[in-house]
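In what follows, a structure is listed as C-alpha cells, so that the remarks can point back to it.
The values are calculated or read from the model by the stated rules, or taken from the named source; none is laboratory data. Computed from a predicted model, the values in this text were never measured in an experiment. When we count neighbours, we look across all protein chains shown, and the Cβ atoms used for this are built from the backbone with ideal geometry, even at glycine.
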Amino acid sequence: MSTETDELQKLADEEYKYGFVTDIESEALPPGLSEDVIRLISSKKREPEWMLEWRLKAYHQWMKMKEPDWAFVTYPKIDYQDIVYYSAPKSKSDGPQSLDEIDPELLETYKKLGIPLEEQEVLAGVAVDAVFDSVSVATTFREKLGEQGIIFCPMSEALQEHPDLVRKYLGSVVPYSDNFFAALNSAVFSDGSFCYIPKGVRCPMELSTYFRINAAKTGQFERTLIVADEGSYVSYLEGCTAPMRDENQLHAAVVELVALKDATIKYSTIQNWYPGDDEGVGGIYNFVTKRGKCLGANSRISWTQVETGSAITWKYPSCILIGDNSKGEFYSVALTKKRQQADTGTKMIHIGKNTRSNIVSKGISAGHGQNTYRGLGKINKNAKNARNYTQCDSMLIGSECGAHTFPYIEIGNSTAHMEHEASTSKIGEDQIFYCQQRGLSAEDAVSMIVNGFCKEVFKELPMEFAVEAQKLLAVNLEGSVG
Amino acid sequence: MLEIRNLHVSAEGKEILRGIDLKVNPGEVHSIMGPNGSGKSTLAHVLSGREGYEITAGEVDFKGQDLLDMKPEERAREGVFLAFQYPVEIPGVNNTYFLRAALNAIRRHRGEEELDAMEFLRLARSKAKLLKMDQSLLSRPVNEGFSGGEKKRNEIFQMSILEPTLGILDETDSGLDIDALKIVSEGVNALRSPERAFVIVTHYQRLLEYIVPDFVHVLDRGRIVKSGDKTLALELEKRGYSWLREEAGEAQPVA
Ligand SMILES: Nc1ncnc2c1ncn2[C@@H]1O[C@H](COP(=O)(O)OP(=O)(O)OP(=O)(O)O)[C@@H](O)[C@H]1O
Ligand SMILES: [Mg+2]
C-alpha cells in the first residue's frame, strides 16, 4: 500500500514552476571587481561625486573584511572575481515612458509569473517599480503618487533628482562597514527603489517592486531606501521569482527603512527564488541586510516575510527602536525543502523608553531542508519598560530535515520584560490520513495544515499578497511529504 | 455494496486479520463487536485505506470496484466514511474550512457544483443544530482541545454533512455521555436510508438499542466467529465472549 508514497514522489519530481529564462540581450561588464569597475558603474549612472567616493570607501572596507561563517549554512566558496557586477538591458538610455516601450519579452515574462503589469495597474492599483536585471525598466503610477509629494522611483533616478534626500539617509541605517555583504553591496549596488513619504501623508496604495534575477552570472545588488516622514504611513511589497539556472547566483541586497516621529512602515516580502535542484545545485544565495530605524517617537516598523525560495538564505530584518514608544515587528514564514538552508530571524534593539517588539517566526522544514531561527532581543540601559515578545514555532515534514533555534538575549535594564515561546511540531501521518479519509488529497492536506500553521503571519500581509503567499506555499510543498 | 472475501492483514509482521468474510447490502446496519485487540479498528482502517498494513490475501469489493486498489481520498469521495475511534487534532485548521474543503472535494468528484462559504455555513449550522453541537466548535481548529465527547460528536457531524454511502463507526459511543449518545444515535438514524449502509463497531449493546442493527458479528482474534441478529448483542452483554471460544473449540478440532 505505497500509493501515497508513489504519488508524492511523482510530485517531488516536478520542475520548478517558474524556471524559465527571458532572452533579452544584456549589456554586461566582464566578470570581476576592481576600483575601475566601481568607477564605471558610477559613471554609467552619471552619479554625483560623493556617491562614487562612498562606493570606493565601501570597496576598500570590503577588501579588509571576511565573509561571515557563523551562520548555520554551508556552501562552496564564492569567487567574487567570477561575478558580473553590472548588466543592463539594451534599451534606450532615456528609459521608457510607458509600458508600450517595454521590451515585450519582459512583459511576457511577467505574464508567465501571473503578474501582468497592465492588469495590476488597473485592477490592484499597485504602483510597480519593476527591477529587471540591474536597471529599472518599468515605473508606474508615478504621477498619481507625485500629486501627494510621494517619491517612488529607481535609486539611480533618485540620485539624479533628489540627491540631498538620498545623501542624508543612504547608509544611515546600514553603514557600508556593517558587514561583508553590506559592504559589497555599498560598493557595487546597481539599482533598487527609493521611496519618500512626506509629512502627514498616508500613501494611498501598496508600493510594490518585483525583483527578478535574469542575466546569467549577474550578481544582484539591490539597494532600497524608504523614508517615512513624520506622521506618514506606507506599505511596501517586495516579491520575486527567478528563472532556472545551473550556476549559483549571489544576491546581496540592502534595504534601509527610516521612520520618523509617528510614522509607520510596513514592509512585506515574498521571496521565491530558484532553490536549486534536488542536490541543491543552481540555487540562489540570498545574503540580505535589511534594517529599519524607528527614529522618532511613536514610530513603527513592521517586517513581514514569506521566504520559500533560494538555496541559501541569510537574512535578519531588524529594527532599531530609538524613539520613545516606538514599535518593531517581525513576522516570518520560512520554508526549506530539498537541500535548502535558511538562517533567518531578526534583531530588535531597544534604545528608547517604552519601546516594544513583537516577533513571530514560523519555520517549516521538509525534504533535506535546514531551517534556523536566529534572533536577538537587546534592551539597552536607558530603554525603560521595554518589552519584547518572541514566538518561534517550527514544523517538520519528514525525517531528513532539521529545525534549529538560536535566541540571543541581552538585557541591560531591570524594567525590561521579555517573553519567549517556542514549539516544534511534526505533520503526522495520522493527520494526513484523517484529511484523506475526508476526501482531501495528501498534498491539499499538507498545504492546509501548513497554511494553518502560518496563519498568524499571513494575516499581517496585504490581502492579495496573503493569497499569493498561500498559493506559493502550496506549490512549494507539492511532493514534500513522504 | 461492500463485500469482503477472505481478508488477511498483517502489521509489523504480525497477522491481525485472519480471513474475514463480510457482505453488507445497501440499507443494512451491521454491528461488529469483539474483545479488545481482536482487530476491529484494523478492519476499519484497512477499509478506509490507512497505510502501514500489509494485505496478504483476500479482496474487497465496493460498489463493483476493487476497494483495496483505491487511494484513501478516492474511497472517501466514493462514499466511504470512517468515524475514528481516536479523532485526530489538526491545529491551525478551522473546522468549518476543513469540512467545506472536504465536501467540495467530494462534490467535485461527483460532478456537482461546489458550495460557497455562505451556502456551506448554512448547511453546517443546520446540521450542528440537529446534533445539538455547540456552534463555537465550528470555528475552532479541527478537534484541537475538543473534549472526548465533542470529538466523537464532531465525527458524526462531519458524517452528516458528507453523507457517505458507507459509514464505518469505530467506537463512536465510547466517551459520550448518556444524552449525547442518544443525540448522536438520532443523527445516525436520520442518515439511515435504503441506499446507505453502516458498519458500527462497539463494545456496548446500549448503542444498539438506539441504532438497531440488522446483523451483529463477533470478531475474535482476527476472525468473525459468530454472526446473528440484534439478540446476539444482548447475549454478549450477559455472557461476555469466552463462551464463544469454548463453543468454537467444541465445534471444530483445535488446529
Ligand atoms: N500497526 C500495527 N503494528 C503492530 N500491531 C498492530 C498494529 N495495528 C494494530 N496492531 C495490533 O493488532 C491488534 C488489533 O488491534 P485493533 O486496534 O484492530 O483492535 P480493536 O479490536 O480495535 O481493539 P479495541 O477494542 O481495543 O479498540 C492489537 O493487538 C494491536 O496491538
Ligand atoms: Mg479499536
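Quick notes on this one:
- Residue A:425 more than 27 Å from residue B:78 (Cβ to Cβ), at pLDDT below 90 and small (Gly, Ala, Ser): yes
- Look at region A:38-59: where a residue is at positive phi and a partner is not hydrophobic (A, V, I, L, M, F, W, C), sitting 6+ places away or on another chain with Cβ atoms under 8 Å, you get A:46/A:160.
- Of the set (1) surrounded by fewer than 18 Cβ atoms within 10 Å (Cβ to Cβ); (2) touching a Ser or Thr at 6+ places or on another chain (Cβ under 9 Å), all apply to residue B:13 but (2).
- Region B:36-64 - residue that is more than 14 Å from residue B:78 (Cα to Cα) and hydroxyl-bearing (Ser, Thr, Tyr) and, of those, farthest from ligand 1 (Cβ to nearest atom): B:56
- Look at (1) crowded, with 23+ Cβ neighbours inside 10 Å; (2) modelled with pLDDT of 85 or more and you find that residue A:202 fails only one, number (1).
- Candidates A:473, A:440 - the one that is within 14 Å of another protein chain (Cβ to nearest Cβ), farther than 18 Å from residue B:102 by Cβ and aliphatic (A, V, I, L, M): A:473
- Some residue of region B:73-82 being more than 14 Å from every other protein chain (Cβ to nearest Cβ), buried (at least 16 other Cβ atoms within 10 Å of the Cβ) and either under 30 Å from residue B:20 (Cα atoms) or modelled with pLDDT of 95 or more (or both): no
- Taking the criterion of being buried (at least 19 other Cβ atoms within 10 Å of the Cβ) and at pLDDT below 90, the residues of region A:38-65 that qualify are A:41, A:45.
- Qualifying residues in region B:141-170 (those that are surrounded by fewer than 17 Cβ atoms within 10 Å (Cβ to Cβ) and within 27 Å of residue B:74 (Cα to Cα)) - the one farthest from the other protein chains (Cβ to nearest Cβ): B:163
- Residue within region B:172-186 that is closer than 30 Å to residue A:453 by Cβ and either touching a helix residue (DSSP H, G or I) at 6+ places or on another chain (Cβ under 8 Å) or part of a loop (DSSP other than H, G, I, E, B) (or both) present: yes
- Criterion violated by residue A:96 - all others in (1) over 25 Å from the mean Cα position of the chain (by Cα); (2) at pLDDT 95 or above satisfied: (2)
- Scan region B:48-66 for residues that are surrounded by 15 or more Cβ atoms within 10 Å (Cβ to Cβ) and either among the hydroxyl-bearing types (Ser, Thr, Tyr) or away from every other protein chain (no Cβ under 12 Å) (or both) and the total you get is 6.
- Scanning region A:177-199 for residues that are modelled with pLDDT of 95 or more, assigned to a loop (DSSP other than H, G, I, E, B) and not charged (D, E, K, R) yields a count of 1.
- Hits in region B:116-128 - residues which are within 26 Å of residue B:182 (Cβ to Cβ) and either among the polar types (S, T, N, Q) or at pLDDT below 90 (or both): B:126
- Filter result for residue B:190 (crowded, with 16+ Cβ neighbours inside 10 Å and either under 28 Å from residue B:149 (Cα atoms) or within 16 Å of ligand 2 (Cβ to nearest atom) (or both)): no
- Tally of residues being outside any helix (DSSP H, G or I) and touching a Lys or Arg at 6+ places or on another chain (Cβ under 9 Å) across region A:152-171: 3
- Considering residues of region B:23-35 that are within 12 Å of ligand 1 (Cβ to nearest atom) and part of a strand (DSSP E or B) only, the residue nearest to the other protein chains (Cβ to nearest Cβ): B:32
- For residue B:16, the conditions (1) part of a strand (DSSP E or B); (2) more than 13 Å from ligand 2 (Cβ to nearest atom) are fulfilled apart from (2).
- Residues in region A:277-305 that are surrounded by fewer than 24 Cβ atoms within 10 Å (Cβ to Cβ), assigned to a loop (DSSP other than H, G, I, E, B) and not aliphatic (A, V, I, L, M): A:277, A:278, A:279, A:280, A:282, A:296, A:298.
- Listed by first and then second residue, the pairs linking a residue in region A:425-437 that is facing chain B (nearest Cβ under 7 Å) to a residue that is of a type in the set (S, T, N, Q) and assigned to a helix (DSSP H, G or I), with Cβ atoms under 9 Å apart and 6 or more places separating them unless they lie on different chains, are A:433/B:48; A:436/B:48; A:437/B:48.
- Qualifying position, being facing chain A (nearest Cβ under 10 Å) and not hydrophobic (A, V, I, L, M, F, W, C), among B:104, B:95: B:104
- Residue B:207 within 16 Å of ligand 1 (Cβ to nearest atom) and either within 14 Å of chain A (Cβ to nearest Cβ) or buried (at least 22 other Cβ atoms within 10 Å of the Cβ) (or both): yes
- Every residue from region B:36-47 that is under 30 Å from residue B:238 (Cα atoms) and either within 14 Å of another protein chain (Cβ to nearest Cβ) or of a type in the set (Lys, Arg) (or both): B:40, B:41, B:42, B:44, B:45
- The strands (runs of 3 or more DSSP E) located wholly in region B:41-118 that include 1 or more residues which are under 26 Å from residue A:426 (Cβ atoms) and more than 16 Å from ligand 2 (Cβ to nearest atom) occupy B:54-62, B:90-94.
- Filter result for the condition that a residue is hydroxyl-bearing (Ser, Thr, Tyr) and away from ligand 2 (no atom under 16 Å from the Cβ), over B:139, B:174: B:139
The rows are residues; the columns are (1) within 15 Å of ligand 1 (Cβ to nearest atom); (2) β-branched (Val, Ile, Thr); (3) touching a residue at least 60 places away in the same chain (Cβ under 8 Å).
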| position | (1), (2), (3) |
| --- | --- |
| B:181 | no, no, no |
| B:193 | no, no, yes |
| B:198 | no, no, yes |
| B:202 | yes, yes, yes |
| B:212 | no, yes, yes |
| B:221 | yes, no, yes |
| B:235 | no, no, no |
| B:238 | no, no, no |
| B:242 | no, no, no |
